[in-house]
Amino acid sequence: MIQYWEYLQVVIAWLIFGIAHSVLASSLVKEKVNLRPRSYRRLYNVISVFAVLFIFLLGSTIQPEFLFPKDQSSKAIGLIIATFGFLLAKLAFKPISFSEFLGIKSETNQKLITHGIYGRMRHPLYTALILGIVGFVVFSPTYTNLLHAICISFYLFIGIHYEERRLIAHFGKKYEDYKSKTPMLFPTFRRK
């Protein structure tokens with residue numbers, strides 16, 4: 001029997017995460033907190049990781065009910081989809097310093113990246129995450145995992161909105177031109 005209160009707790013946890021994550025990512029909060037950018041980025045990442053782990057732990061307390069029967073073929077298909085997500089993330093990190101992304105090293109590259117996979121889509125890391133969560137749901141097709149996927153996907157679109165506002169504020173017309181020529185999440189295969 002579906003326990004709606006348990007699912008509602010997961011949705012509320014994702015909602016709180018989304019609000020906190022967006023507020024902590026805002027320029028206003030970054031300026032108010034008296035930390036070097038690298039230290040702030042590290043703290044932001046640690047808070048985010050522990051919050052997500054807590055939400056998944058909360059979801060794991062719900063008795064699993066399956067959307068469809070889990071078998072070897074759904075596991076294989078889920079792994080294939082998630083592997084495409086992993087490979088896309090690997091491609092997306094190619095022109096980016098992973099150490100800078102995590103806040104281990106100070107950010108040095110303040111250039112707009114429009115080559116490689118970024119020449120085909122603006123947000124390959126978000127697409128990679130979507131592939132990863134879809135693969136996860138197909139691999140383990142529970143209502144709880146589907147709920148996680150829906151909440152994460154919903155928040156990704158909010159995150160994209162705020163990230164693009166920040167990129168337009170930082171890069172101006174250069175980003176607006178890039179945005180008008182490059183799709184958001186699904187790659188273009190036409191030649192530029």
If a residue must be assigned to a helix (DSSP H, G or I) and either more than 16 Å from the chain's Cα centre (by Cα) or over 28 Å from Tyr40 (Cα atoms) (or both), how many such residues does the range 119-164 contain? 14
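Can we say Thr114 is touching a residue at least 60 places away in the same chain (Cβ under 8 Å) and surrounded by fewer than 13 Cβ atoms within 10 Å (Cβ to Cβ)?
no
Is it true that Ala169 is surrounded by 14 or more Cβ atoms within 10 Å (Cβ to Cβ) and either among the charged types (D, E, K, R) or farther than 20 Å from Asn45 by Cβ (or both)?
When the stated conditions are applied, Ala169 does not pass them.
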Being modelled with pLDDT of 90 or more and charged (D, E, K, R) is the filter here; which residues of the range 79-119 pass it? Lys90, Lys94
Inter-residue pairs, beta-carbon under 7 Å, first free of Cβ contacts under 8 Å to residues at least 12 places away in the same chain and in the range 165-180, second hydroxyl-bearing (Ser, Thr, Tyr), 6+ apart: Ile168/Tyr175
Somewhere in the range 57-66, is a residue small (Gly, Ala, Ser), surrounded by 14 or more Cβ atoms within 10 Å (Cβ to Cβ) and closer than 20 Å to Tyr155 by Cβ? yes
What number of residues in the range 67-87 are part of a loop (DSSP other than H, G, I, E, B) and either exposed (fewer than 12 other Cβ atoms within 10 Å of the Cβ) or among the β-branched types (Val, Ile, Thr) (or both)? 3
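The values are calculated or read from the model by the stated rules, or taken from the named source; none is laboratory data. Note that the structure is predicted; figures quoted are calculated from it, not measured. Please note: Cβ atoms are built from the backbone with ideal geometry, for glycine as well, and neighbour counts cover all protein chains shown.
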